[in-house]
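The values are calculated or read from the model by the stated rules, or taken from the named source; none is laboratory data. None of the values given here were measured: they were computed from a predicted structure. Ideal geometry is used to build each Cβ from the backbone, glycine not excepted, and the neighbour counts take in all protein chains shown. Please note that ligands, DNA and RNA were not included when accessible areas were found on the heavy atoms of the full protein model with its side chains. Shrake-Rupley method; radii C 1.70, N 1.55, O 1.52, S 1.80 Å.
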Amino acid sequence: MYPEYLVAPMRQELVDAGFEELKTPEAVDQAIATEGTVFVVVNSVCGCAAANARPAAKAAVKNAKRPGKLVTVFAGMETDAVNTARNYMLPYPPSSPAMALFKDGKLVHMIERHMIEGRPAQMIADNLVAAFDEYC
């Protein structure tokens, strides 16, 4: 686990954009296994989370059509909550950062780390907006 003082600003960046932090497996289950759309961001301390993933997520949720619920878990911190979220993302392997869109508890769109690294935040946001337009 990372020191909380190190990850606090990274957590806050998504919270300030309207995301709810999920820190327990029960909170993850309750958020994802519901009716409607849920956007999950697996946050991370890595550089591609700072440069690409978080900016993309924040830009995408400004879209007119957006998920009903915005949530985040933090890789390397609340391990049980992250593992629970990743179980919902199967068959995709664990990666962080990562982003997933669920509709009525089913995974409908996934962005893995390899789709985030080296890509501009706006390109990732455009991908998310297209998914939001289709499923939300």
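Structure notes:
- The lone criterion from (1) under 17 Å from A131 (Cβ atoms); (2) within 14 Å of the chain's Cα centre (by Cα) left unmet by E13 is number (1).
- Out of R119, R86, R113, sole residue that is closer than 25 Å to A8 by Cβ, out of contact with any Ser or Thr (no Cβ under 8 Å at 6 or more places or on another chain) and of a type in the set (K, R): R86
- Residues of region 109-121 that are in contact (Cβ under 8 Å) with a residue 60 or more places away in the chain and surrounded by 14 or more Cβ atoms within 10 Å (Cβ to Cβ): R113, I116, E117, R119, A121.
- Where a residue in region 50-79 is within 20 Å of V28 (Cα to Cα) and of a type in the set (A, V, I, L, M) and its partner, wherever it lies, is part of a helix (DSSP H, G or I) and open to solvent by 40 Å² or more (accessible area, probe 1.4 Å), with Cβ under 7 Å and at least six apart: none
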